[in-house]
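Note sheet for the following structure.
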Amino acid sequence: MQQFFQQLLSGLSDGAIFGSLALALVLIYKATEVINFAQGELAMFTTYISWALITHHGFSFWEAFFATLLIAFLFGVALQRVVIRPLEKASVLTVVMATIALLVILNGLAAWIWSPQLQFYPSPFPTSTWVVGGVHISKQDLGTFGVVIACVTVLWLFFRFTKLGLAMRAGAVNPGAARLLGVRTTWLLALGWGFAAVLGAVSGMMVAPSIFLTPNMMQAVLIYAFAAAVLGGLESPVGAVVGGLALGVLLDMLGTYVHPITPELRLPVALAILLIVLLVRPAGLFGRVVVRRV
Amino acid sequence: MSALLELSDVSARYGQVQALHGVSLSVAEGEIVALLGANGAGKTTTLRAVSGTVRRTGEIVFAGKRLRGAPEAVARAGVAHVPEGRGIFAELTVWENLRMGAYLRRGRPDFSAVLAYFPWLESRRHQQAGTLSGGEQQMLALARAFLLRPKLLMLDEPSLGLAPLVTREVFRVVGDLNAKEGLAVLVVEQNAAIALQSAGRAYVLETGVVAVEGSSSELKANDAVRSAYLGP
């Protein structure tokens with residue numbers, strides 16, 4: 001039982017990381033129907049920036065964390081304006097190819113700037129545990145979970161209660177109608193890229209202490225995030241977060257209680273889940289089947 | 001009477017297909033003008049040319065200024081366009097749709113003026129707009145457009161898919177907004193009979209040009225218009 005709760009927390013902590021990156025994918029997908037394959041590398045790149053701030057510029061972890069969120073936001077907005085917006089009239093496939101190009105460019109650029117070598121990334125949380133009723137609660141896991149959920153909550157409050165957030169939702173549902181009401185939708189799309197980059201940066205900075213810093217660090221995480229987003233339904237922001245948490249817990253539980261499933265099988269299992277969801281329930285847990293009138 | 005909206009020799013095309021071949025028309029302040037014509041005559045394209053949702057040539061002057069550019073700029077200039085299919089945000093609530101209507105206004109939106117015309121919206125505020133009936137969606141689209149505080153309201157086929165009684169109700173509200181708020185209206189309609197009842201003047205489009213224009217009473221008496229659009 002104690003092991004169960006420990007694994008649950010560890011799964012939730014992993015899942016929060018998958019969920020925040022999945023939410024980043026969903027934000028962009030919902031507004032433009034484009035899967036941003038560069039989302040993981042964007043997260044990796046901004047995580048390197050935070051690392052550089054901490055190790056070379058004397059920032060404390062939390063100073064670097066918030067500075068990086070701001071940098072990530074501006075970086076996301078700039079990417080949309082410079083790279084994606086000129087492709088506005090191009091097909092979705094063209095834009096997807098552009099994001100794949102960004103993936104490769106960012107990956108190479110990170111290796112070139114910071115070397116491809118594995119780097120130690122500091123954790124803001126102590127490695128110790130609290131013991132509550134015989135259950136060891138990892139401060140690292142709890143902290144990771146808390147930070148991600150706090151960021152997601154702030155974003156949710158923004159979308160739910162601010163005029164700009166409302167306009168972003170309206171623009172995602174019906175951009176034409178939003179423009180007729182005076183909304184400058186292209187700027188809202190750039191804002192969406194900014195928020196997605198921020199979520200990616202959060203997931204990168206939270207996962208880096210446990211998987212170390214390398215230019216390839218986010219590639220597996222991005223695949224988990226894909227699986228989480230598909231599980232929750234690509235159209236559903238709530239689904240992305242719940243999908244991420246569910247996937248994290250499921251993978252940890254399978255690893256703990258089903259003995260043939262070793263760490264090597266984690267990624268294949270995640271992809272198997274992705275395939276099963278696509279075959280059985282393509283709209284995901286929270287998605288709706290969209291019927292388009294032709 | 002000075003023209004609020006004036007189109008001079010406006011043409012537009014969709015790819016290879018030319019939809020408008022030099023349309024000229026005007027709407028005066030406080031006036032209701034109907035735009036009639038068969039399917040594909042260019043009625044919708046004319047509205048889209050004004051709101052900037054289709055590329056066009058020719059000159060469009062609104063409230064003394066040349067209109068150019070993107071739909072968001074035209075909306076800011078004071079033109080509310082309720083497009084074909086009403087353009088409501090189906091996934092958002094009724095209230096959120098209204099808040100979007102007031103997007104360009106600063107501060108907390110005041111819905112009291114709009115609720116005077118659409119009192120039932122208050123009790124449906126939390127309902128998802130996509131679950132409203134067709135007539136209710138049309139009313140919501142009208143209410144939302146009114147919140148823009150436009151000088152000109154452009155309606156594209158408000159009667160589409162509505163029962164005759166509901167259509168009459170929609171036109172009654174449009175007439176009210178025109179009479180009490182001085183709102184100028186340019187309305188595209190297939191249902192010429194009901195449009196000519198509300199409108200003071202009308203234009204009949206045929207294959208992208210203005211074929212006939214005149215006051216509603218003149219058009220009702222015009223034999224060609226009668227046989228083509230009003231029935232015997």
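Restricting to the stretch B:42-73, count the residues that are at the interface with chain A (Cβ under 8 Å from one of its Cβ atoms) and in contact (Cβ under 8 Å) with a residue 12 or more places away in the chain.
Going through the stretch B:42-73, the residues at the interface with chain A (Cβ under 8 Å from one of its Cβ atoms) turn out to be B:51, B:53, B:70-72.
Then drop every residue that is not in contact (Cβ under 8 Å) with a residue 12 or more places away in the chain, which leaves B:51, B:53, B:70-71.
Looking only at that region, the number is 4.
Can you tell me which of A:Leu234, A:Leu191, A:Leu274 is in contact with a Leu (Cβ under 8 Å, 6 or more places away or on another chain) and part of a loop (DSSP other than H, G, I, E, B)? Outline the logic, then answer.
Working: A:Leu191 fails: part of a loop (DSSP other than H, G, I, E, B); A:Leu274 fails: part of a loop (DSSP other than H, G, I, E, B).
Matching residue, one of A:Leu234, A:Leu191, A:Leu274: A:Leu234.
Of all residues in the stretch A:67-81, those satisfying the criterion of being within 17 Å of A:Trp51 (Cα to Cα) and among the β-branched types (Val, Ile, Thr) are A:Thr68, A:Ile71. In the stretch B:97-111, the residue that is farthest from the other protein chains (Cβ to nearest Cβ) out of those that are within 16 Å of B:Val173 (Cβ to Cβ) and among the hydrophobic types (A, V, I, L, M, F, W, C) is B:Phe111. Quick check on A:Ala167: is it over 22 Å from A:Ala67 (Cα atoms), within 10 Å of chain B (Cβ to nearest Cβ), under 22 Å from the mean Cα position of the chain (by Cα) and not acidic (Asp, Glu)? Criteria not met by A:Ala167.
Could you list, in sequence order, the residues of the stretch A:182-205 that are touching a residue at least 60 places away in the same chain (Cβ under 8 Å) and within 14 Å of chain B (Cβ to nearest Cβ)? Step through it out loud before you land on a result.
Of all residues in the stretch A:182-205, those touching a residue at least 60 places away in the same chain (Cβ under 8 Å) come to A:186, A:188-205.
Passing the criteria: A:Thr186, A:Leu188, A:Leu189.
Evaluate the following for A:Leu155: is it in contact with a strand residue (DSSP E or B) (Cβ under 9 Å, 6 or more places away or on another chain) and either more than 10 Å from chain B (Cβ to nearest Cβ) or of a type in the set (A, V, I, L, M, F, W, C) (or both)? Steps first, answer last, please.
Numbers: in contact with a strand residue (DSSP E or B) (Cβ under 9 Å, 6 or more places away or on another chain): no; either more than 10 Å from chain B (Cβ to nearest Cβ) or of a type in the set (A, V, I, L, M, F, W, C) (or both): yes.
No, not satisfied.
Checked against (1) within 13 Å of another protein chain (Cβ to nearest Cβ); (2) over 30 Å from B:Val17 (Cβ atoms), B:Ser123 passes all but condition (1). With respect to B:Val82, is the statement that it is more than 14 Å from chain A (Cβ to nearest Cβ), closer than 22 Å to B:Ala19 by Cβ and within 12 Å of the chain's Cα centre (by Cα) true? Answer is no for this residue.
Would you point out which residue out of B:Val114, B:Val94 is farther than 16 Å from B:Lys151 by Cα and more than 10 Å from chain A (Cβ to nearest Cβ)? Don't jump to the end; show me each part of the working.
Numbers: B:Val114 fails: farther than 16 Å from B:Lys151 by Cα.
Residue meeting the stated conditions: B:Val94.
Quick note: the coordinates plus some simple rules give every number you see, no bench work behind them. Owing to the predicted nature of the structure, the values given are computational and were not obtained by experimental measurement. All Cβ positions, even for glycine, are placed from backbone atoms using ideal geometry, and neighbour counts span all protein chains on display.
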